[in-house]
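Heads up, the thing below is written out as structure tokens.
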Amino acid sequence: MHQLTKLLTQKSLTIAVAESCTGGNLSALLTSKSGSSTYFDRGYITYSNHAKIDMLQVNPTTLDQFGAVSEPTALEMVQGVINNSTANIAVSITGIAGPTSDDTNKPVGMVCFGFCINGEYTVTTQNFGNIGRSNVVSKSIVFVVDFLVESLQSG
């Protein structure tokens, strides 16, 4: 985490996030260090579909067609973060932390991520398996931090 905050500060970048299955844990981690206001813009906890629609302008048709846990939804979430913030970097996380799945037959541990780094969008899905709710949340946050560090170091 220190490496990410150092890169954000060095490059004068700000970050905003939208979290569903991680319930604000990424935002809490990003703001746990004194001085985080220099790089953290805002966080949205959009756990329900209604919140995704209301706060991030996710299209209800996208939710109906693909479900909340999908790359199209993660993309629209991260686009909503960019459109509703002043951040250079945005992240969205939506997944099934468990211990049970929803009614979509998607596996527990499936998490979709959206990233926007200086105008470049990326979506990806990770399947962490049914390793327990807190472990899925932790692995999701580690994935985001590692992805951002790698992207910012190479960019």
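Selection of segment 24-65 for residues being under 14 Å from residue 87 (Cβ atoms) and outside any helix (DSSP H, G or I) yields 31, 39, 40, 41, 42, 43, 44. Every listed requirement among (1) touching a Phe, Trp or Tyr at 6+ places or on another chain (Cβ under 8 Å); (2) in a strand (DSSP E or B) is met by residue 112 save one, (1). Taking the criterion of being in a loop (DSSP other than H, G, I, E, B) and surrounded by 15 or more Cβ atoms within 10 Å (Cβ to Cβ), the residues of segment 88-106 that qualify are 88, 96, 97, 98, 101, 106. Which residue is modelled with the lowest pLDDT, if the candidates are limited to segment 107-122 and must be closer than 25 Å to residue 149 by Cβ and surrounded by fewer than 18 Cβ atoms within 10 Å (Cβ to Cβ)? The residue in question is 118. Scanning segment 43-73 for residues that are crowded, with 16+ Cβ neighbours inside 10 Å, more than 21 Å from residue 108 (Cβ to Cβ) and in contact (Cβ under 8 Å) with a residue 24 or more places away in the chain returns 43, 44, 55, 56.
The values are calculated or read from the model by the stated rules, or taken from the named source; none is laboratory data. Since the structure is predicted, the reported quantities are computational estimates derived from the model, not experimental observations. As a convention, Cβ positions derive from the backbone with ideal geometry for all residues, glycine included, and neighbour counts pool all protein chains shown.
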